[in-house]
Amino acid sequence: MSETLATYCGHCGGVRAEGDHARCAERLSMEPPRYCVHCRRRMKVQVTPRHWTASCVEHGTVTL
């Protein structure tokens, strides 16, 4: 997913234009997103030793 289209923070679910999300960005560099950046829905996250997968029912899957 493109970060330029992101409306919401993938870590806290807050509106990206409101407030400082620098700490959230740090955390997202080490762990999967918990919220969809397009619709703010809580995502289903699966973490394995080698990768993670996060799925939104509306916008699909994000992987690492």
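Each reported figure results from applying straightforward, stated rules to the coordinates on display, with no laboratory input. Source: prediction; values computed, not measured. Note that each Cβ is placed from the backbone with ideal geometry, even for glycine, and that neighbours are counted across all protein chains shown.
I'm checking a number: the convex hull volume of the Cα atoms of the chain, normalised per residue, in Å³. What is it?
Enclosed volume per residue, from the Cα hull, is 74 Å³.
Once you have the Cα-Cα distance between GLU31 and SER55, take 0.36 nm times their residue separation minus that, and quote the gain in nm to one decimal.
So the chain would gain 7.2 nm between GLU31 and SER55.
With a sphere of radius 13 Å drawn around the Cβ of ARG42, what net charge do the other residues whose Cβ falls strictly inside it have (Lys, Arg +1; Asp, Glu -1)?
Local net charge: +3.
Let's see if you can work this out: charge +1 on each Lys and Arg Cβ, -1 on each Asp and Glu Cβ, no other charges. What is the dipole magnitude of the chain about its Cα centre, in debye to the nearest 20?
Here the chain has a charge dipole of around 240 debye.
Could you work out how much longer the chain between VAL47 and ALA6 gets when fully extended? Use 0.36 nm per residue separation minus the Cα distance between them, nm to one decimal.
12.5 nm
Scan region 20-64 for trypsin sites (Lys or Arg not before Pro) in coil per DSSP, keeping those whose Cβ has at most 12 other Cβ atoms within 10 Å, and list them by number.
Numbers: sites: ARG23, ARG27, ARG34, ARG40, ARG41, ARG42, LYS44, ARG50; in loops: ARG34, ARG40, ARG41, ARG50.
Answer by residue number: ARG50.
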